[in-house]
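The values are calculated or read from the model by the stated rules, or taken from the named source; none is laboratory data. Bear in mind that the values here come from a model prediction, so they are computed numbers and not experimental data. With ideal geometry, Cβ positions are generated from the backbone for all residues, glycine too; neighbour counts draw on all protein chains shown.
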């Protein structure tokens, strides 16, 4: 089986000919420069209505090409499928039909089966490649992972980056491998029953290697200002082409690379006053394109807590499948660490109760004022939504990597409280997400890193350190100088997982917890999820203990109990409940108490 997504721009191979199309409305002239079979070709591209330039050449796959703007600047293709020499180099003609897929029978998996594993390709293995990542997939399946989520892979400047500075959004970064290597990764995952989701960034382009301003300034709208400058133009003049570029990008990854879904980064940072806005248009187009043929999942990061984007129709997502639940993470983090800096302050007054609300209802902030945001109301009511509309996590790339020293929870949180919180996250009916290495208690940091050069590099280094001036431990400039330099290769290397920790005693203990929880989830909880139609209820069992209950259609309930206090608390009556899991079973029998820093799950029919 072969797969190709057809789009109105870029290089399209059609037999012996390749069509090249570029939208350059601000250019008077565009020349195609190409190396074909070792010979240089230079051809003026006729200008068509609407600012489009188009030419056809007998350029076979492997040919290198670029566009010369108005006789001067030479730029890569913004729709390049491959840019082997990084973001400033020439693009490469790729024929998607050259790869033969082996997963013809793969139609995806139901969302309620998702156990998501977020990984950064460059630091997941020592080699940092698509090919090397595949060699770890069997271990993830054995733990109970059912879905991978790749941090952004769109071509970024330099040899290392988190991925959120991508500028060539159709080209997998060559540091990780070639497009066919990525396809082999997806093929290998599907062969093991793993879904693969891709993190995509549609709210900005990176600061180095974006040439669109030179020939298509209409790609941006100065009426909306963002942390990255003028916003991407989703609602101004000629925004129809810009919108098509991003909608086609989503379809491209889902169709040509057979990804099972996308995670849309920071949609709250997308400026778009049109209706439908680009997020809704993209989701609607994806749903219509794939219909019932495939299970395709769209996951949002959205600080606005817009429950309306997560609505179901006849049990199926109307737009987005789910949203990353930062509220749950923040409450969980305060519970297990006691930290209350920054946005954690919104959860510090009643962290355990807020954790329980997030487990039961999804969002903590469902329209209430946020003190951290200056008293602005935040969020929409979410207790009517199915639990699977939320992706819950104890750690992810942001929450680890945005710490000054990139520490993971295992290095500074109370270990018993962390085990109990992890069990809550893994055994609630919402979808759990693990950050790479979490399953074996990795202690390697995940730091902020990039490979910018010159003045930009210096600005990023100083900007990173200045971010932490408001934190007591970094008020001293000498302390801030100890924050790892983002552009240093050593910062990137320190962030690579140490897989030897998996086989150490502590690693095996964490693995046992995650395996056990995910086995119970797979065998006992996932079959119940379709009968949990809406959020649950929660009640306190003490100042730092709670019970969350999710009613089951047809009667009964799933119950999760947790105690983060220093002493045990009495258990409520459990006349017909079956214990599915407990983090501390040694003292449960016959005493009717929930031990300190422990969690358990019951099923009552």
- line: The lone condition residue 597 fails out of (1) touching a helix residue (DSSP H, G or I) at 6+ places or on another chain (Cβ under 9 Å); (2) surrounded by fewer than 18 Cβ atoms within 10 Å (Cβ to Cβ); (3) within 30 Å of residue 348 (Cα to Cα) is (2)
statement: Of (1) in contact (Cβ under 8 Å) with a residue 60 or more places away in the chain; (2) buried (at least 19 other Cβ atoms within 10 Å of the Cβ); (3) not in a helix (DSSP H, G or I), residue 293 satisfies every one except (2)
- prompt: Got a sec? Which of 452, 468, 446 is in contact with a strand residue (DSSP E or B) (Cβ under 9 Å, 6 or more places away or on another chain), in contact (Cβ under 8 Å) with a residue 60 or more places away in the chain, crowded, with 16+ Cβ neighbours inside 10 Å and part of a loop (DSSP other than H, G, I, E, B)?
  reply: 446
- request: Working only within the range 475-488, note down all residues that are within 24 Å of residue 160 (Cβ to Cβ) and surrounded by 13 or more Cβ atoms within 10 Å (Cβ to Cβ).
  value: 480, 483, 484, 485, 486, 487, 488
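Condition check ((1) within 25 Å of the chain's Cα centre (by Cα); (2) over 18 Å from residue 352 (Cα atoms)) across all residues:
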{"position": "510", "(1), (2)": "yes, yes"}
{"position": "513", "(1), (2)": "yes, yes"}
{"position": "516", "(1), (2)": "no, yes"}
{"position": "520", "(1), (2)": "no, yes"}
{"position": "529", "(1), (2)": "yes, yes"}
{"position": "532", "(1), (2)": "no, yes"}
{"position": "548", "(1), (2)": "no, no"}
{"position": "558", "(1), (2)": "no, yes"}
Out of 158, 206, sole residue that is on the phi > 0 side of the Ramachandran plot and at pLDDT 95 or above: 158
Hits in the range 73-104 (condition: part of a loop (DSSP other than H, G, I, E, B) and in contact with a helix residue (DSSP H, G or I) (Cβ under 9 Å, 6 or more places away or on another chain)): 78, 79, 81, 82, 94, 99, 101, 102, 103
message: Being surrounded by 22 or more Cβ atoms within 10 Å (Cβ to Cβ), closer than 24 Å to residue 514 by Cβ and in contact (Cβ under 8 Å) with a residue 60 or more places away in the chain is true for just one of 171, 114, 133, 191. Which residue is that?
response: 114
- line: Given the conditions (1) surrounded by fewer than 19 Cβ atoms within 10 Å (Cβ to Cβ); (2) at positive phi; (3) modelled with pLDDT of 95 or more, every one holds for residue 305 apart from (1)
field: Candidate set: the range 174-188, residues that are in contact with a strand residue (DSSP E or B) (Cβ under 6 Å, 6 or more places away or on another chain) and crowded, with 23+ Cβ neighbours inside 10 Å; chosen: the one farthest from residue 10 (Cα to Cα)
entry: 186
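This table checks each residue for (1) over 30 Å from residue 23 (Cβ atoms); (2) surrounded by fewer than 23 Cβ atoms within 10 Å (Cβ to Cβ).
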position: 104; (1), (2): yes, yes
position: 123; (1), (2): yes, no
position: 149; (1), (2): yes, no
position: 158; (1), (2): no, yes
position: 166; (1), (2): no, no
position: 197; (1), (2): no, no
Every residue from the range 53-74 that is closer than 20 Å to residue 7 by Cα, surrounded by 14 or more Cβ atoms within 10 Å (Cβ to Cβ) and touching a residue at least 40 places away in the same chain (Cβ under 8 Å): 57, 59, 60, 61, 63, 65, 67
- prompt: When you look at residue 350, is it over 24 Å from residue 424 (Cα atoms), surrounded by fewer than 22 Cβ atoms within 10 Å (Cβ to Cβ) and more than 22 Å from the chain's Cα centre (by Cα), yes or no?
  reply: no
